[in-house]
Amino acid sequence: MTSKNYDYDVIVIGAGPAGSCFSRIAAGAGLNVMVIDKRKEIGVPVRCGEALGLGEIIKQDLDIPKHCYSLVVDGAKIVGPNGKAIKWVAEDTRGYVLERKFFDKWLAELAVEKGATVKTYSRATEVLKDEKGKLCGVKVTHGGREPYDITAPLIVSAEGMESLMARAMGFKTVHALYDVDTCYEYEMKPYDHENLIELYFGNQIAPRGYVWIFPKADKKANVGIGIGANIANGEKRGGIKGADPKILLDEFIEKDKQLQNASSLLDFGGVISVGAPINEFVKDNAMVIGTAAKQVDPIHGGGIGMAMEAGVMAAKVAIDAHKKKDFSKNVLYPYEKEWRATTGVTAAHRLKLRKVLEKVSDDDFNHVFNSINEKDLPEIMNGKFAGPVAKILAGRPQLLAALSGLLS
Ligand SMILES: Cc1cc2nc3c(=O)[nH]c(=O)nc-3n(C[C@H](O)[C@H](O)[C@H](O)COP(=O)(O)OP(=O)(O)OC[C@H]3O[C@@H](n4cnc5c(N)ncnc54)[C@H](O)[C@@H]3O)c2cc1C
């Protein structure tokens, strides 16, 4: 039962994967949850490569409906600057290429079915504090109309990259350009594929990032590029100064035998965090989850799975806080503790890897691709760098200084 002093038990800002997964669990436990999203339609416009590991849905104990994904891929093809490809196919490399406009809406519907209320076209514009300075709600405007107040003892920011309300609550969510990738994408057709996602690396192709081709049903593909925002903003890198992701992507497409003749059905772009998570996820009466907390994989910029996972972790703690009628930072902290001890460890390994790889020249990158095989990829992605690094150094010991960051 909602405390008589408040309109709701929890206000969730953002109905992306983080906010909807939080709300499904919290509402399922009986909390009175209000979710607001500034978008007119949940999940639209799509700004995403739409790739998600199969395991992320299994972890949530959900059964994804067919209309929410385009196809299931077997694994990945990773291509170095000189065109050498490594195919990585294993039981745990299977993944969905989603239809996010349906996927995000489905996650929100699951929350509604558990009792949460979702309101679209409703933007949180200010945080509210009571006479003692305690966070107690947000000001909301529906479609830019006269703002109104809603109150709750717990405010959850699931705002994604913008994270303006999280910032207003005192969280340090501002991004350095160095820790952001700027992206451009097309949906294209026709594209024949091997049922693998394809990732292309190289300073001339995508400085401090990669080009992706994620196949979709009906010979369609999500084709995109992400590059370091610092480079897009003018920093010199690999002979490229001030690279424009759209120009680089167009150049890639022009050279690709299939894509050069394909049509584009959709243009879109966006930015994604590829740095460390924010320094605290909870404060008195407040939590930050998903990309708003910079919970994103620093290597590939994937954040859907992490957002869903953080939503569930945070909701379990919020349910406990609700039972205790205590939303203080200490009571909310177990969410942060669990994230940092689990997903946070993997994310830290990936950040280390990103920071090493971004200093490597194309020639050295080619050597890396020539030295390793698909069996090394799970080791590398899980932060077990010693074996693969030994193989790389055996052929090029002068890389020791560059790769030493992976051995510490
Ligand atoms: C170009 C690109 C490609 C990507 N490709 C992939 C990929 O292939 N795989 C993958 O896993 N990840 C990918 N990502 C990252 C992924 O999209 C995000 O990490 C994921 O959406 C995070 O989910 P979230 O719920 O935290 O935030 P979001 O999905 O961003 O949702 C946040 C929601 O909050 C709402 N909101 C924000 N501010 C307010 C406010 N003040 N009031 C009300 N509502 C508000 C927004 O409208 C939005 O709906 C990509 C990102 C980009 C930009």
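Looking at segment 260-319, which of its residues are among the small types (Gly, Ala, Ser) and away from the ligand (no atom under 12 Å from the Cβ)? Passing the criteria: 262, 263, 264, 275, 276, 286, 315, 318. Among the residues of segment 144-179, the one identified as within 12 Å of the ligand (Cβ to nearest atom) and modelled with pLDDT under 95 is 162. Residues in segment 372-408 that are assigned to a helix (DSSP H, G or I) and among the charged types (D, E, K, R) were compared, and the one that is farthest from the chain's Cα centre (by Cα) is 391. Select from segment 59-75 the residues that are more than 15 Å from the ligand (Cβ to nearest atom) and either surrounded by fewer than 13 Cβ atoms within 10 Å (Cβ to Cβ) or of a type in the set (Val, Ile, Thr) (or both) and list them in ascending order. Within segment 59-75, 61, 63, 65, 66, 67 meet the criteria. For segment 217-232, taking the residues that are surrounded by fewer than 23 Cβ atoms within 10 Å (Cβ to Cβ) and not acidic (Asp, Glu), the one that is farthest from residue 98 (Cα to Cα) is identified as 230.
Here segment 1-24 is the region considered, the condition is being buried (at least 23 other Cβ atoms within 10 Å of the Cβ) and either of a type in the set (Phe, Trp, Tyr) or over 30 Å from residue 216 (Cα atoms) (or both), and the residue that is farthest from the ligand (Cβ to nearest atom) is 9. Pairing each residue of segment 11-30 that is at positive phi and touching a residue at least 12 places away in the same chain (Cβ under 8 Å) with any residue that is more than 6 Å from the ligand (Cβ to nearest atom) and in a loop (DSSP other than H, G, I, E, B), provided the two are 6+ apart or on different chains, yields C-beta distances under 8 Å for 30/115.
Is it the case, given these coordinates, that residue 119 is within 14 Å of the ligand (Cβ to nearest atom), closer than 16 Å to residue 7 by Cα and at pLDDT 95 or above? Criteria met by residue 119.
Here residue 343 fulfils each of the conditions (1) within 14 Å of the ligand (Cβ to nearest atom); (2) in the same structural domain as residue 104 (by TED's automatic domain parsing) apart from (2).
Being in contact with a Pro (Cβ under 8 Å, 6 or more places away or on another chain) and either modelled with pLDDT of 95 or more or over 30 Å from residue 363 (Cα atoms) (or both) holds for only one residue in 132, 139, 189, 216, and it is 139. What residue, of 268, 327, 365, 369, is within 21 Å of the chain's Cα centre (by Cα) and aromatic (Phe, Trp, Tyr)? Exactly one of 268, 327, 365, 369 is within 21 Å of the chain's Cα centre (by Cα) and aromatic (Phe, Trp, Tyr), namely 268. Take the conditions buried (at least 19 other Cβ atoms within 10 Å of the Cβ), modelled with pLDDT of 95 or more, over 11 Å from the mean Cα position of the chain (by Cα) and assigned by TED's automatic domain parsing to the domain that holds residue 166 and apply them to residue 312. Does it pass? So residue 312 fits the description; yes.
Taking segment 347-360 as the range and being surrounded by 15 or more Cβ atoms within 10 Å (Cβ to Cβ) and of a type outside the set (A, V, I, L, M, F, W, C) as the test, the residues that pass are 349, 350, 352, 354, 358.
In segment 245-259, how many residues are in a loop (DSSP other than H, G, I, E, B) and either under 17 Å from residue 201 (Cβ atoms) or within 16 Å of the ligand (Cβ to nearest atom) (or both)? The total comes to 1. Could you tell me how many of the residues in segment 49-58 are at negative phi and within 6 Å of the ligand (Cβ to nearest atom)? Within segment 49-58, residues that are at negative phi and within 6 Å of the ligand (Cβ to nearest atom) number 3. Taking the listed residues 327, 365, 385, the one that is touching a residue at least 24 places away in the same chain (Cβ under 8 Å) and in contact with a Phe, Trp or Tyr (Cβ under 7 Å, 6 or more places away or on another chain) is 365, with no other qualifying. Being more than 30 Å from residue 214 (Cα to Cα) and near the ligand (Cβ under 6 Å from one of its atoms) is a property that holds for residue 36.
The values are calculated or read from the model by the stated rules, or taken from the named source; none is laboratory data. Predicted, not measured: the structure shown is a model, and the values here were computed from it. Methodologically, a virtual Cβ is constructed for each residue, glycine included, from the backbone with ideal geometry; neighbour enumeration extends over all protein chains shown.
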